[in-house]
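Below is one structure, written out as structure tokens, with a few remarks after it.
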Amino acid sequence: MSSLMTPPSDPPPVETQYLASPPTEDRGKATVPRPGSKMDIMATAQNRKATKPLETVPAGEQAIIRSERFSLYYGAKAGVKNITMDILPHMVTAIIGPSGCGKSTFLRSINRMNDLIPHVRAEGRLAVDGQDVYDKRTNLVNLRQQVGMVFQKPNPFPKSIFDNIAYGPRLQGVRNKGQLQHVVEQSLKAAAIWDEVKDDLKKSALALSGGQQQRLCIARALATRPRVLLMDEPCSALDPIATGRIEDLMEQLKTTYTIVIVTHNMQQAARVSERTAFFYMGELIEYDRTAKIFRNPGKKETEDYVTGRFG
Amino acid sequence: MNLRTRGALDRVFTVLAGLSVVLLTLVLIGVLGPMVYRGSGAVLFGGTVEFRKMQRDLFKRGGSEALDAEIAQTEEARREVYSLIDTFRKGIDIEAISDAARRINRDFGEELRFKGVATERYTELRQRSRDIRDQLEAAFASQDINEIRTDLESVLQSADDPAFKGTGAEGYFKLAKDFLNAAEQVDLSKHHEYKASLQEVEGILFGSTERPGLLGPRPGGPLPPLAMLHYGATRWDQARQLLHQFKYRQFWVEAEPNAPLVRREEPRAALFAGTSLEPLFGYIQANAEKMLHPRFTVYWQYFLDDNVDSHYFGGVGPEIIGTLLITVLGMAFVVPLGVIAAAYLVECTADNWVMRIIRMSINTLAGVPSIVFGLFGLAFFILFLFPRLGFEPKPCILGASMTLAVLTLPVMIRASEEAIRMVPQSFKEGSLALGASKFRTFVTVTFPAALPGILTGMILSLSRIAGETAPILFTGAVWIGPMAKSVFEPTRTLSRGSYGIAVEDRLAMMVPHNQYGMVVTLILLILVLNAMAIVLRSRVFKKLKGQ
Amino acid sequence: MDRDVTVALEPAAEASPRPLALTPGEDLLGFVGAYLGRALLLVVTCTSVLVVFLILVFVVLRSVPFLGGYDLTKFLASQDWRPTADDPSFGALTLIVGSIYVSVAALVFAVPVGILAAVFLSEIVSWKVRNVVKPVVEILAAIPSVAYGFFAILVLAPWLQEHFGFTTGTNALNAALILAVMALPTIISVGEDSISALGRELREASYSLGATRLETVVKVVIPAAHSGLIAAVVLGMMRAIGETMVVWMASGNATQIPHPWWDLSQSIRTMTATIAGEMGEAPDIGGVSHRSALFAVGVILLLMTVVLNVISEYFLSRAKKAAGKT
């Protein structure tokens, strides 16, 4: 039933969009932005979803996350190798690639969630706001408060909805009941789930449906007021309707937050993101405006992957 | 090998494997069945009026007018027994009646002197009294009924003599009459046999110095020193055994030369055939219930009461308290240690030599025999540590619980580790991603989620150490002794008690229900704890999988 | 509709009040807390190491006066255990042999049944039946040893005496039977784990070649799981050799080595039972004394279990590797 219905938020088919969008001029140029290289052309290019053209900015200053020759090893095995890319603020950056390509590993490196795995070793530089996150002095608590994360499977704590959302603010030392109430309400509203749960905030979060749980997790991440939101295949466990809602939500959130999303669903990447990076075998193959990646990829592997001719 | 043999072999194998499991089940039933059946007798049984008397006297429980009335009724029913035995005794207990005759003679002399009769008269009456006494004694000693008749008739001729009327000497004639009556009925040549048999009968009915009888000591007589001998059969099953012993005499005979002796039984009534005691056997069989008033009793206070006379009466209350004290105190030591160690092992994983040594130590600790823990507890806690802390170096609750804590440490660590590992990684990630520190994540997310699992492990450890005996033999458990007033005193425990009551206690062997009751209480305690753990665990599984 | 809900949350602060980088100096409390806390946790975790160390030290320390002052060969090779005689003699050979004898006898009963049951549970029956049988094994494991001992001396011993015509019911057979029952849960659960850990591919390969279940079990499953099964047997042995209450109550405690060796109806005595039975009466005096001799027996016991533990660890780790490969 539900799969037959068109989700209310479903955008028009991808092909139509790409045909409608104006051709880009930077075809054939180096697709992976190197540090110091000019990002003007890419940044000024009209994106299908951007309502206003992005300002032209020098990449080095504006990039909120900047990766330079970053590699991460599990013991002797490399999870990602030599990644160099800049992620710009207030947009959705999608990372695509076949499974095992290192896209999740890279995402989880940004807020150092990979630390949970034993024998992890990082090389190169991965900076958030100019601060190398693998630097010894980096305070993990502060880092993770600024770089929120939403996981593949919704993972609400086995607590009430209210306590789930209030978890982050409480960590930051907010004890005032009214203040917490306010943050919880704002976050749930921002995650577009307030109307569904406002009457029963004491209910266990585990009693919600999968889609609601995922939006709750987004609300929970928003409640710590991060600047960056990392999403690790946030819709892979959800049905199409729930997926549509989350995608709408991302559309709204990107005005305030920087979103990096890992997805195995190319349509999703095409629908929601402004920039897309293609990872393969732990390496960054191509990184460019989404429209370009899907319409006119610069690399053979990318083309094979987005056209579905892969492996 | 052809296909058919292969198939047959396969089937044989399947059946054999199935049988092994059937065997396991049978073993479980075979071990638990008899013990639980006999142990339940400690709580569920037919309690007689003697049981209620005992409860009133020893445990200050249930004394009431109804009980007094009941006692009066049973006493009424028992009176016939007493009188039958007394009558019979007069005929056969020669020494007793000879003594009685001599005493009458002496008392009569005193009486005369007190009355102040004239010297001549005094001498004459004294002489006659002595003659009667001699005649009586001759009659009592004789085994010829004709001789007895002659002697006694000559004694009884003096019965109407006014000189004896109203004096103590009248006792002579009562003795003579009773004896004549008795002598007419019994085979006098069996005097000694009768006497021995009567003593046996009295032992069974009224108790001996070693064991209580069916009805308890006769009212009014001196009470024996042990409380257990103050009462008759308190339980109907006991009473039935005694009734059987009363009805049948048991003896061992050599059926064949060089073969083990065989037990034979013969009706005891036959011994007393034709005597005045014969009706006793029929009377007791017919009126046993009237004399004892058996009634189905649920003695739940068994789990609260202290015991009396080395578990002859009473329950296992102090043992239960002691067991709980030692185990709970032990858990208080081991739970924080175990949970912290488990948390460290799970959350701070690093495959280095420190971890390897810790893991190896935990495995080694799990394999150390429990008696060696006992040795360690004695050598380290009691003889080494206690004097240095200013405690008296003697076995005590504290020492026992510390020893048990050490013993159960690996169990606790492993259980908590498993529980903490079962918490989905996503919970931890969710918390860490929100900027919680590792410590914060553990305290606010992982630990609450793992708590039911940790509790399960805790209960399992508790049930494990509740049954341990060897480690506390020298560190704090005793078999008999007063209730502990502080943790620096030793205590009785169910486990130590189960050993003692099986091996060291001769009194308890007379009451198997109390022997089995102790061990069944221990098993029940442990099975209940295990059942709690199983229920808790399945609920945890459902909760963690349900989402 | 979601679209109508405006994003009401205030925008995240552009410049975070919390700097990403903090030097140890700036975050002194956090830094010290983290390191001290970690160190503290490590110390607590090391309690088990400390305890193992203390057990070794204290049991050995108490036996040193004996081991130093008594002829070691006499201790290990003499059968003469007369600790309370005027001229005491401490020959522990009987006790060592007794411990091993009764444990091996127990394994002879327990291993076939245990392995068959493990195979039955992991290879033959459905999950449902397993869930019914598992509690039986768990209850068998939960019954405390003193209860088994109680059963041995008050139920089994009279029964054996009556039905088999033994001179005494408390003998090696009685103890071995009960120890077998106690070792069974260990053997079954470890054995079952190691069999279940094998991949399905092995079995499927065997069945697809037309082997019957028996052939699959005997030729494929058991050889593949042999490390785990050996570990199960060794762990069962450890349980039997370290058991105190049952052997104390059921074995008859006669200081003798059975002769002929297969005669289980004779009473024997083990190391554990000797320690349990005599420690209470052994006064705490220095030098070569009854008490220090008992501690020395404890050292032998400890050594035996440590050796068995190392063996079981070795086989368990091999079983783990084997399971990892398939």
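Listed values, structure above:
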{"item": "Mean projected area (nm²) of the alpha-carbon convex hull when the range C:73-325 is viewed from all directions", "result": "16.2 nm²"}
{"item": "Overall dimensions of the protein assembly as shown as given by Cα atoms, namely Rg and Dmax in Å", "result": "44.1, 166"}
{"item": "Length-normalised contact order of the range B:70-186 in % [C-alpha pairs under 8 Å, at least 6 apart]", "result": "35 percent"}
{"item": "Listed residues A:LYS153, C:LYS134, B:LYS485 arranged by accessible area, highest first, probe 1.4 Å", "result": "B:LYS485, A:LYS153, C:LYS134"}
{"item": "Extension gain from B:LEU261 to B:ALA96, taking 0.36 nm per residue of separation minus the Cα-Cα distance", "result": "55.7 nm"}
{"item": "Chain B: angle of helix B:94-115 to the longest principal axis, Cα-based, in degrees nearest 10", "result": "60 degrees"}
{"item": "Calculated [θ] (222 nm, deg cm²/dmol) that DSSP helices of n ≥ 4 give over chain C, each run adding -39,500 (n - 2.57)", "result": "-21000 deg cm²/dmol"}
{"item": "Candidate aspartates and glutamates for bridging to A:LYS81, where Cα separation is under 20 Å - those fewer than 8 sequence places away on the same chain excluded", "result": "A:GLU68, A:ASP115, A:GLU123, A:ASP132, A:ASP135, A:ASP232, A:GLU283, A:GLU286, A:ASP288, A:GLU301"}
{"item": "Packing rank of C:48-54, C:184-190, where each peptide gets the mean count of other beta carbons within 10 Å, highest leading", "result": "C:184-190, C:48-54"}
{"item": "Whole-Å distance, taken between Cα centres, linking the range B:339-399 and the range B:288-313", "result": "44 Å"}
{"item": "Residues of type lysines that B:LYS247 reaches as a straight line, Cα spacing below 23 Å, ignoring anything fewer than 8 places off in the same chain", "result": "B:LYS90, B:LYS190, B:LYS195, B:LYS290"}
{"item": "Protein-only accessible surface order, largest first, of B:MET422, B:MET228 at 1.4 Å", "result": "B:MET422, B:MET228"}
{"item": "Long-range lysine pairs (8 or more apart or interchain), chain C, Cα under 30 Å", "result": "11"}
{"item": "Protection proxy ranking, peptides B:261-271, B:334-344, B:433-443, average beta carbon neighbours within 10 Å, highest first", "result": "B:334-344, B:433-443, B:261-271"}
{"item": "Other protein chain Cβ atoms within 10 Å, averaged over every residue that makes up A:244-256", "result": "2"}
{"item": "For C:54-66, mean number of other protein chain Cβ atoms within 10 Å", "result": "4"}
{"item": "Antiparallel bridge percentage (DSSP; both residues within the protein assembly as shown; nearest 5)", "result": "65 percent"}
{"item": "Proximal lysine pairs, the range B:313-546, alpha carbons under 25 Å, eight or more residues apart or interchain", "result": "7"}
{"item": "Rounded accessible area of B:VAL535 (nearest 10 Å², 1.4 Å probe)", "result": "80 Å²"}
{"item": "Accessible area in square angstrom per residue, the protein assembly as shown, 1.4 angstrom probe", "result": "44 Å²"}
{"item": "Chain pair C, B: total accessible area buried, heavy atoms, 1.4 Å probe, Å²", "result": "6200 Å²"}
{"item": "Modelled FRET efficiency - R0 35 Å, B:ALA332 with B:ARG295, Cβ distances, 0.05 increments", "result": "0.20"}
{"item": "Partner chain coverage, peptide A:149-162 - average Cβ within 10 angstrom", "result": "4"}
{"item": "Anchor A:LYS254: lysines whose Cα lies under 23 Å away (excluding residues fewer than 8 positions away in-chain)", "result": "A:LYS49, A:LYS52, A:LYS103, A:LYS153, A:LYS189, A:LYS292"}
{"item": "Difference of contour (0.36 nm per residue) and Cα-Cα distance, B:LEU3 to B:VAL535", "result": "186.8 nm"}
{"item": "Interchain or long-range residues, amide H under 5 Å from A:VAL80's placed H", "result": "A:LEU72"}
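The values are calculated or read from the model by the stated rules, or taken from the named source; none is laboratory data. Because the structure is predicted, anything quoted here is derived from the model rather than measured. Ideal geometry is used to build each Cβ from the backbone, glycine not excepted, and the neighbour counts take in all protein chains shown. Just so you know, the surface numbers come from the protein's heavy atoms only, side chains and all, with ligands and any DNA or RNA stripped out. Shrake-Rupley method; radii C 1.70, N 1.55, O 1.52, S 1.80 Å.
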